[in-house]
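The values are calculated or read from the model by the stated rules, or taken from the named source; none is laboratory data. Model, not experiment: these values are computed from the prediction. As a convention, Cβ positions derive from the backbone with ideal geometry for all residues, glycine included, and neighbour counts pool all protein chains shown.
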Amino acid sequence: MNEQMMQSIPLSTRIRLARNLKEYPFPAKLSAEEKQLVNETVRDALLDGDDAGNYRYIEMKDLSSTEAVSLAEKHLISPEFASSADGRALILSNDETVSIMLCEEDHVRIQVIEPGLSLDKAWEKANALDEKLAARLTVAFDEKLGYLTQCPTNLGTALRASVMLHLPALSRAGLMPRLSSTIAKLGLTLRGTYGEGSKIVGELYQLSNQVTLGISEQAAIQNLAAIARQIMEQETAARETLRTDNVFIDRIYRANGILQSAYMLTCSECTDLLSLVRLGAALGILDVPLDTLTKLLTAIQPATLSVQEGRVLPAAQRDVLRAQKVKEALQNA
Amino acid sequence: MLCQNCSKAQATTHIKRIINGEATEQHLCAACAKKLGFDSFFDDFSLSIPNFFSGFFSDAVPALAGRKTERCETCGSSFDEIVRTGMVGCADCYETFYDKLLPSIQRIHGRARHAGKTPPQVVAAEQTAAPKETAAPTREQQIEALQKQMQQAIDSQNFEQAAVLRDNIKALREEQ
C-alpha cells in the first residue's frame, strides 16, 4: 500500500472530552451569572503557572459574530457554541491546537486538534488537561454511568474522537452511502466536517466514535484508528484507478487552471476545486504542497476571510479576495 | 432554479437526504424551506440533538400521567422536563431519575457499564471504602468475579476448573 498516499488522506485529528462540575447544575439550568462563575472557576483551575502564558481566556460576548463564526470554521469551537455568546467563554491555546469551550452543552469541553492521523498524541494532551481539572475540581461522575453529561448520549467516557478524511475517490465512485451504513453498524459515524447535520463539502468527512458507555478511552481510540486506516486503504485503492482516467486527469488540470486564474471564487466552488487539486497533488499529477491546500480549505471560509481583512465584507468582495488569496498561495507554493 | 414547492421564488436551499441508502434532492426558496422546517444550519444544529433525544424518552411519558410530579432536589427538574428538552438538569438528576432514565440510556449505549477512566477523587474514595465492599459482595459481583476466573481458566486451558466455575455461576444465577 502506498503509505505516502495513505498519509495524504487524513487532514486532522480531534479529541473532545466533556466534563461537568459536580456542584453546579448543567449549563441549561444556569443563569448567565452562574455560567460566568463556572467559567472563571475552571479558568482558575486550568490556567496557572507555566500554562497561563500559553492560553487566552476569551469571553464570547467580547467577540463579534464574524470572529466567533471564524473560530467555528477553524473547528476550534462548535457551530452551536458560535451561535450564542450568552454566558460562554473559551480557553484557547496560542498555537490554536487546544480549545476549551466553557458552558457549551457541558460545563467544560476540552478539545485538542492535531494535524494528520494522530489520535494517541491528541488523547495524551486532552487527558493531561483532564487530569489537571480533576485534581483541582470535583467532576460529576458515577461509577456505573461514568462521566455525567447534560445529554445522555455522551455518558461514560464522554469522549468524542474524530478524524477528518479527504475521500474524493470513494465519493466519486458513489461508495459513500454504503460505507456510511457499514460504519454505523460498527458504532462510528461518518458525516460532514461541521458535525451533526452539516452537509458534505470538498469531499471531506468526519469519522467519529458514537458509543461512549461501556468502552474504555483506549479501546474507542484504537477502534477508530483501525477503521480510519481501513477507509484510507480503500480510498488509496480507489485513487489508483483514477490514474488512467484521462477525463478525470483533465478535470484536475482544469481545476488548477481555474484556481490560478479566476477573478472571483465562491466558497463552495473554491472548496470543490481545492478538493480536486488536493487529489491531483496526492496522486503526483500536480506539484503543489498538500499542506498549502489543507490550510487554504480553512483560510477561504467566509468569516475567516473577513477576520483576516479586519472588516465584514459583502459576498461579492469576499469572492474577489478569495480568488486573490488562492492565486497568491498557489503561486508562492 | 425555481423553488420546487411554490415554483415562484428562486431556490436557495438545497436539501439532500439519504434514507435507507436512497438519495433524494429538494430545491426550495428560503420561505418554503422555513415553512417545511429546513431552517438555517446553525438553528438546525442546536435543535437537532435534544429533539432527536427526546424521541428516545417518548414512550416513558404516559406512565407519568396523573402522578404527583417528582422533582430533583438539587436543580428542580422534573422527569417530564428532561423528556421535553432531551437534557438532564444536573448530576443528581441521574440519581433521582436513575430507573426512569436507564431504559433510554440502554437504548443509546446498550446494556453497558462505564469502562473508561475514573477521576482521582473517586479512585481515592473507593480505596478507603473497599474493605466494606469485599465484606459483603453482591451476588452480581460474585458472578462477575467468577466469570473472570472462568475466563482465566479457559485462557490457560484449565477446562476442568472452568467447568466447576461454570456450574458455580449457574447455581448463583438460579438463586437469583
Could you give every pair whose Cβ atoms fall below 7 Å, whose first residue belongs to the stretch B:84-101 and is more than 9 Å from chain A (Cβ to nearest Cβ), and whose second residue is polar (S, T, N, Q) and part of a helix (DSSP H, G or I), counting only separations of at least 6 or pairs across chains?
-> B:Arg84/B:Ser54
Hey, which of the helices (runs of 4 or more DSSP H) in the stretch B:69-128, taking only ones fully inside, have at least 2 residues that are at pLDDT below 90 and either over 13 Å from A:Glu143 (Cα atoms) or under 14 Å from the mean Cα position of the chain (by Cα) (or both)?
-> B:79-85, B:98-109
Of all the residues that make up the stretch A:262-312, how many are assigned to a loop (DSSP other than H, G, I, E, B), of a type in the set (A, V, I, L, M, F, W, C) and surrounded by fewer than 18 Cβ atoms within 10 Å (Cβ to Cβ)?
-> 3
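Quick grid of which residues meet (1) of a type in the set (Phe, Trp, Tyr); (2) within 14 Å of chain B (Cβ to nearest Cβ); (3) in contact (Cβ under 8 Å) with a residue 40 or more places away in the chain:
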| residue | (1), (2), (3) |
| --- | --- |
| A:Asn223 | no, yes, no |
| A:Ile227 | no, no, yes |
| A:Thr244 | no, no, no |
| A:Arg254 | no, no, no |
| A:Leu259 | no, no, yes |
| A:Thr266 | no, yes, yes |
| A:Leu283 | no, no, yes |
| A:Val288 | no, no, yes |
